[in-house]
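Any read-out appearing in this document is the output of simple, stated calculations on the displayed coordinates, not a laboratory observation. The structure presented is a predicted model; accordingly, all values stated were derived computationally and were not measured. Because the Cβ atoms are built from the backbone with ideal geometry, glycine has one as well, and the counts that use them run over all protein chains shown.
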Amino acid sequence: MLEAEIGLGFANASTDVQILDERNTLTRRSMDYDDSHFNRMLPREIVVEIFSMTIPPFTPIDTFTDIAAPLKLGTVCNAWREIAWAVPTLWSSLTLPLPHSYNPSTLAARSTLLEDWLSRSGNLPLYIRFGSTSGLDWDEASLQDLETLFIIVNRYAARWHTFVYNLPSNCYPFLPPPDECIPLLESLTMVVNAPDLPGKSQVIQKPNTPRLRVLALSGVYLRAVTFQWDILLHLELHTFHGNEVVAVLRRTQQLLTLRLRDSILNDNGFPLSGNPIVLHSLERLNIEQAGNDNFYFLQYLVAPNLKDFQQRVYGVLLYIPGFLIRTACSLTRLSFVDAFLLENELLQLLRPLTSLTYLSFDFVGHSAERVPFTDHILKRCNPDVAFATVTECLLPKLETLIYKGPASYTQKCMSDMIQARYAARQDRGVVEEGNKSPFDVAIINLVEEICNDWHGVIGP
């Protein structure tokens, strides 16, 4: 009898303790909110705006930093957590990094986080970065476990706005099926990060993306890719066969910007046609190559309205000069980095660029003997010298000249050219009164040599 009474007493006491704990939690939560100057003095709408400013902007580049900003807000106090968890804009962008080595518990935690995160995003367009920049050291069976994550992400495909995929190509089958419409998708980045690209022939079919305008692809066969090429405005291709690029460019007639990186030898499965490719809308072209200029397909390309051309080629220019000469009538900005050019080649290249207003050279790391930016080039750009020798002045509309590299010219020749151009523009009424500094000269010290880092602006 006594034991029963004692047991009943313990049970009642436990219930009372539980009730007191719950009341204590509610009281602390209430005090946490009511006593906070932050919450009492600021309207909820202002708090939401402040929280929104802590979320870093989403850009489709290979970065997996600052992935937990809204989660950090929720660790401050209960009041902040209640607000943060209820604001969809804090959860509309997501970066989900995957570990280099397979870990089932980590993958399970990622699945829970992914489900909770996307469920808080309301009905907003989604910005998602998914994968690993360092590659995945997972076997084939482990990669199949990724399907769980894709199932969660794919449920929200109707709200994808920007999607960055950085995974091996054997995960392509986990993406939404080709016949599924992704109506809001505007930007798609797909990077195969496996070093040997074992699944490079995997098929990617995304023909039902009516709003897709930005596409970046790296490490896949274009023969295995299906997109609505004709609606693209911005295209980036990395590590592709030259004849693949030709085949794609024939279908991208609305392109405004094009970036090509590391062209490789032809793929025999893609015949190379000799018909020219005319991209009437193309305004900006960026080319990068870790070696000699292999962009032989440029001989097929015509861009009559090209305004801006940037190149970074660690070697000899073979096809780029001919392409630039064909598009010289419209070009206004030109940048060279690390290219191997002779003085006469640069002279031939600059001669037809009569519309150029911005010219940049970056030859840091080159010896002065290998840099074509010489006194002879500067004299050809000097209007006084051109008048005295009855020759045509190069780059008559040039306003900005940037040079980084060894001193391959004399300061006097540079100064004479700038002063002459400045005076000529002043005579034409281009330069406003009071503009007393036609150019600036800064000298920077490099490791073993002193190089001129010169930035001259002719005119206001």
Contour minus Cα-Cα distance for Arg312 and Ile151 (0.36 nm per residue): 53.9 nm
Estimated FRET transfer efficiency (Leu124, Arg333; beta-carbon r; R0 35 Å; 0.05): 0.45
Between the range 223-238 and the range 371-396, the Cα center-to-center distance that results, in Å: 43 Å
Fully extended contour minus Cα-Cα distance, from Glu369 to His234, at 0.36 nm per residue: 44.8 nm
Estimated FRET transfer efficiency when R0 is 25 angstrom, pair Lys397-Asn286 (beta carbons, to 0.05): 0.65
Residue-wise HN-Hα coupling along the range 404-421, computed from phi with Karplus coefficients 6.51, -1.76, 1.60 (Hz; x: Gly, Pro): 10, x, x, 6, 8, 9, 9, 5, 5, 5, 5, 5, 4, 5, 5, 5, 5, 5
Relative contact order of the range 362-423, defined on C-alpha pairs under 8 angstrom at six or more residues apart (%): 50 percent
Restricting the range 354-414 to trypsin sites (Lys or Arg not before Pro) in coil, as DSSP defines it, with at most 13 other Cβ within 10 Å: Lys397
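Which shape class, rounded, prolate or oblate, goes with the range 332-434 when its Cα gyration tensor gives a ≥ b ≥ c as root eigenvalues, a/c under 1.5 marks rounded, and past that a/b bigger than b/c marks prolate?
In terms of gyration-tensor shape, prolate.
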Separation of the Gln253 and Leu42 label points, Cα + 7 Å toward Cβ, nm: 5.3 nm
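Expressed in nm to one decimal, what extension gain is obtained for the pair Ile264 and Thr59 from 0.36 nm per residue of sequence separation less their Cα-Cα distance?
71.0 nm
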Phi to ³J(HN,Hα) by Karplus 6.51 cos²θ - 1.76 cosθ + 1.60 over the range 96-110, Hz, x for Gly, Pro: 10, x, 10, x, 4, 9, 5, 9, x, 5, 5, 5, 5, 5, 4
